[in-house]
Structures are given as structure tokens and as C-alpha cells.
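Contents: one structure, followed by commentary.
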Amino acid sequence: MPPPRSQLRLAATLTFAGFVVSLVAGLLHADSANANDHPATFAEYARSGIWTAVHLGQFAGMALLIAGLLVLLFVLKAPGGSLAWTARFGAAAAVAALALYAALQAVDGVALKQAVDAWAAAAEPEKAVRFATAEGMRWLEWGMRSYQSVVLGTALVLTGAVVVGARSVSRLAGYAMALSGLAYLAQGWILGIEGFSPANTIPTLAGIGLILVWSGWLLMSAWFGKDAPARDRQRG
């Protein structure tokens, strides 16, 4: 049976709204300096007057996205067996990803900002100690972002598998969702090894682009398209 249209619309709207809010907040993020050039980056962060607000916006976007995934997993009502367990693990990974993101934004949006502000305002004899504190916060951010990306990627891969297996909405959206998860898994690995490295440019852009594809696809299908099960059964 196709999922109730109202619930599918809620899931699609939440995920797409989460993408838009995250994108807007990201565009406001101060990032003109090389992220691994800590003196230049910390000076830029210290000058930012909207740093904490931007990171709160990023958290709000992630919360909306995760809420959309959870509603989608509930709406799909995966049949028993391995697909039902996949949905359960996907939901657990999504909740864990949001918890990790909250901790990440507390470190990045609050603790790191306070540390770089203290470094920028410190007298010369204290600057080395203040810089070391800020750099420690930065490395903690690397670790938390690495693990959050891995857990979020896992949630997206598992949810994509449920979308494909349940055949209640377009399977192509599920494939795009799973690919976006693989992009986040790659991001997490690179972050853990190299930090904010240029090597992460392609996985980052791929993840953003693929989330736009599947969230936009779900939104259009839920609000303007026809129910997909009949088409998917014909393909299968």
C-alpha cells in the first residue's frame, strides 16, 4: 500500500527544508581562509559577529533533515525481516547523527569561538597558550565532525536501502540517498586523516548535490507527483 500522502509530504518537506536551512547557514559561514591554516582561520573566526548564530542555523537544518528521515522511515512501514531491521538501524543512526551534530556545534559554534576570541584579545605573552587552546578545540572539532559524518552517512545509506526495498516511493530517490550517504562516509574518513583538506572538496560537493537531488525529488513527488508503487512494480 502506498504511504499516506500527508505523511509523505511531511517527510519530504522536512528533509528539503533541512537542506535549504543548512545551505543558507553554510553560505553565511566565514570560510575565506584555508581551513587548515589555523592562524588565518582563527583571526577570521574572531572577526565574525554571527558565528554562533550561523552554527545554530546549521544545527536547525540538520535537525529538520533528521526529522524528515525519521518520518520517512515511519511512513514507509518496511515489511518484516531484514528490511525492517534496516529501518530500525537507520533510525538509530539518524538519532545518533543528530546527537553528534549537537555536540559538534557546541564545540565549533561556542567553545571554539570563545577560544579564538580569547586568543585574538590576548596580550603577546599569552598568545601562544591561547592559540594552543584554540587549536585543541579545532582538533576536537575534526574528530567530532569525522564521526558525525560517518554516522550520518550510515543513516543515509540505510534509509536509502529501505526506500529502494519498500517500493513505496521512487527507488531512484533511494539510490540517490544511498549515494549521498557514501559521500558522507568518504568525508568522515578524510576528516579523520587530514582535517579540512582540499581532498574533501569532491565528497562534500557530491554529498550536497545528491541531497538536493533526492530531497527535491521526494518533495516534488509528494506534492505534485503520482503514487510510485505501480511504476516501481512494473520496473521490478
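Points worth noting:
- Among the residues making up the range 1-56, those that are loosely packed, with under 14 Cβ neighbours inside 10 Å and basic (Lys, Arg) are 5, 47.
- Each residue in the range 76-92 was checked for being of a type in the set (A, V, I, L, M) and surrounded by 22 or more Cβ atoms within 10 Å (Cβ to Cβ), and 2 of them qualify.
- Flag if residue 140 is in a helix (DSSP H, G or I) and under 20 Å from residue 208 (Cβ atoms): no
- Count of the range 114-165 residues which are within 21 Å of residue 91 (Cβ to Cβ) and not aromatic (Phe, Trp, Tyr): 18
- Criterion: in contact with a Leu (Cβ under 6 Å, 6 or more places away or on another chain), at pLDDT 90 or above, hydrophobic (A, V, I, L, M, F, W, C) and not in a loop (DSSP other than H, G, I, E, B) - qualifying residue of 185, 179, 172, 191: 179
- Breaking point among (1) part of a helix (DSSP H, G or I); (2) touching a residue at least 40 places away in the same chain (Cβ under 8 Å), for residue 196: (1)
The values are calculated or read from the model by the stated rules, or taken from the named source; none is laboratory data. Everything numeric here is computed off the predicted structure, so don't read it as measured data. Cβ: placed from backbone, ideal geometry, glycine included. Neighbour counts: every protein chain shown.
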